[in-house]
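The values are calculated or read from the model by the stated rules, or taken from the named source; none is laboratory data. From a predicted model like this one, the values you see are computed outputs, not experimental measurements. When we count neighbours, we look across all protein chains shown, and the Cβ atoms used for this are built from the backbone with ideal geometry, even at glycine.
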Amino acid sequence: MNRELIGNISFYTIILALQLLVFNQFQLFGFVTPFVYLIIFIHYRISYDKTVLLLLGFIIGFIIDLSMQTYGCHTFSTITICYFRSRIEKSSFGVNANLPLAMIKGTPLLSRVSFFLSLIVIHSIIYYSFIFFNVNLLSTIFLYAFINSIATFILIWIISRLISDR
């Protein structure tokens, strides 16, 4: 096996275990659970196969749905952001989107922040739309998505900085 593949599998396993064992236990303000596992989809290299990204999104979303009993909400949200990831990356990074480490090194801070926030906000809005599934609760959906996106962004940004410094 390739060293890079083993490193990626161990990274995905550690992040998934942290999400299931630590971050799912958080209840900030009584309802916010940060989705730190989204860092897997943020740091997935563009040079890898996009079909594998969709499969990875399905597997990770399914595992989290089974553990949290959310009936497919995470799975649908992760598959959606995996599908639109390349378009979001191109709109955030522009010409640098095709470079292997474009989002970590050599891009403006605003491009990285917009990429991170776009994926996190889209995931949160889709997730909470399926959780509440009621048009009358639209303000609640956006409130939960907004607060959860901020908490998730802060944690993912800190973890990304720790990872990229090594």
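Structure notes:
- Residue within the range 10-25 that is at pLDDT below 90 and surrounded by fewer than 14 Cβ atoms within 10 Å (Cβ to Cβ) present: yes
- Any hit, the range 135-144, residues being under 15 Å from residue 45 (Cβ atoms) and either at pLDDT below 95 or assigned to a loop (DSSP other than H, G, I, E, B) (or both): no
- Cβ separations smaller than 9 Å between residues 6+ apart or across chains give the following pairs from the range 137-160 residues that are without any contact (Cβ under 8 Å) to a residue 40 or more places away in the chain to residues that are of a type in the set (Gly, Ala, Ser): 138/129; 141/129; 145/124; 145/129; 146/124; 149/124.
- Pairs with Cβ under 9 Å, 6+ apart, first in the range 44-63 and closer than 16 Å to residue 9 by Cβ and free of Cβ contacts under 8 Å to residues at least 24 places away in the same chain, second aromatic (Phe, Trp, Tyr) and surrounded by 13 or more Cβ atoms within 10 Å (Cβ to Cβ): 52/44
- Residues within the range 46-75 that are exposed (fewer than 15 other Cβ atoms within 10 Å of the Cβ) and either charged (D, E, K, R) or touching a strand residue (DSSP E or B) at 6+ places or on another chain (Cβ under 8 Å) (or both), tallied: 2
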